[in-house]
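No lab work stands behind these numbers, since they all come straight from the coordinates. All figures in this text were calculated on a predicted structure; none of them were measured in a lab. Here Cβ is always computed from backbone atoms with ideal geometry, including for glycine, and neighbour counts include all displayed protein chains.
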Amino acid sequence: MAEVPSTFQLKPGQTAPDFSLPDGNGTAYSRNDLISGKKGLLIAFVCNHCPYVVHLSEKFGTFADEVAALGIQTVAISANDVANYPADSPEKMIEFASANHWDFPYLYDESQDAAKAYAAACTPDFYLFDSDLALVYAGQFDDTRPGRGEPTGADLRGAVSNLLKDQATPQPWYPSTGCNIKWKPEEAPDYFG
């Protein structure tokens, strides 16, 4: 398994690309539905089987609950090719979310268009937007990885704190790393060169 970093193709201040995606039960959510009345929107590209996601999945659920109380909406998106990776199917997404106490939408990007619009490269890959949907942080949850520390969410927690204080999160932003998104055959985006 190769460890792949974030691309950082979305730049600070850039608007969150729009999407409308279903959860595992078929209920559709759009970007605008999710930000409505909120102070910010946290988007995480994840999947069920990646050890980098599994490493922080329970802590991520707790973190999402904490920031929800502060007005930040969390959404997770899986874009993996389920024909070749059935462990990431929408049915399995429901099970994974329940097991990790994810009380936020977990959406399925079957076309992989949302992942491409965000230039997502790995699972997990995090993007934090303000109430105007301007990017205020992209990067890692924290500097832990499987077998290397217990997740705290320190980097993302700092970015949320800055957002709520109307302060910029200082750069450099450190890339998230994880398994590559499992693109459909012939669908890998050109931002990989």
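Using the Cα atoms of the chain to build a convex hull, what is its mean projected area in square nanometres?
Reported value for the Cα convex hull: 10.0 nm².
Local charge sum around Lys59 (other residues, Cβ-Cβ under 12 Å, Lys/Arg +1, Asp/Glu -1)?
Values: positive: Arg157; negative: Glu58, Asp65, Glu66, Asp142, Glu150.
Result for the local shell: -4.
Of the residues Ser111, Ser6, the one with the fewest other Cβ atoms within 10 Å heads the list, and the complete ranking is Ser111, Ser6.
Using the 10 angstrom Cβ neighbour count as an exposure proxy, how do Thr177, Thr15 rank, fewest first? Each step should come with its number before you reach the end.
On the way: Thr177 20, Thr15 12.
Ranked by crowding around the Cβ, least crowded first: Thr15, Thr177.
Which one of Val54, Gly24, Gly37 is farthest out on the positive end of the charge dipole of the range 1-104, using unit charges on Cβ (Lys, Arg +1; Asp, Glu -1) and the Cα centre as origin? About the Cα centre, the residue reaching furthest to the positive side is Gly37.
Which value, in debye to the nearest 20, describes the size of the charge dipole of the range 1-41 about its Cα centre when Lys and Arg Cβ atoms bear +1, Asp and Glu Cβ atoms bear -1, and nothing else is charged? Write out the running numbers ahead of the final one.
Details: 4 positive and 4 negative charges, 48 e Å.
The calculation lands at about 240 debye.
Net charge within 13 Å of Glu150 by Cβ-Cβ distance, Lys/Arg positive one each and Asp/Glu negative one each, not counting Glu150 itself? With Lys, Arg at +1 and Asp, Glu at -1, the net is 0.
Only Lys, Arg, Asp and Glu carry charge here, each on its Cβ (+1 for the first two, -1 for the last two); on that basis the chain has a dipole of about 380 debye about its Cα centre.
Restricting the calculation to Cα atoms, the range 125-193 yields a radius of gyration followed by a Dmax of 14.5, 44 Å.
For the range 1-110, the antiparallel share of DSSP beta bridges with both residues in that region comes to about 30%. Between the listed residues Gly158, Pro189, Pro170, the Cα displaced farthest toward the positive end of the dipole of the range 139-193, a dipole computed from Cβ unit charges relative to the Cα centre, is found at Gly158. For a 4.7 Å threshold on C-beta separation, the list of partnerless cysteines in the chain reads Cys47, Cys122.
Calculated FRET efficiency, Glu3 and Lys39, Cβ-Cβ r, R0 35 Å, to nearest 0.05?
That pair, Glu3 with Lys39, gives E of 0.60.
Would you mind counting up the charge near Ala87? Only other residues with Cβ under 12 Å from its Cβ, with Lys and Arg at +1 and Asp and Glu at -1.
-2
Counting only DSSP beta bridges whose two residues both lie in the chain, roughly 70 percent are antiparallel.
For the chain, the 222 nm mean residue ellipticity estimated from helices alone, with every DSSP H stretch of n ≥ 4 adding -39500 (n - 2.57) and the total spread over all residues, rounds to -7500 deg cm²/dmol.
Computed with the Debye formula from one identical point scatterer per Cα of the range 74-175, without solvent, the log10 of I(q)/I(0) at q = 0.20 Å⁻¹ comes to -1.21.
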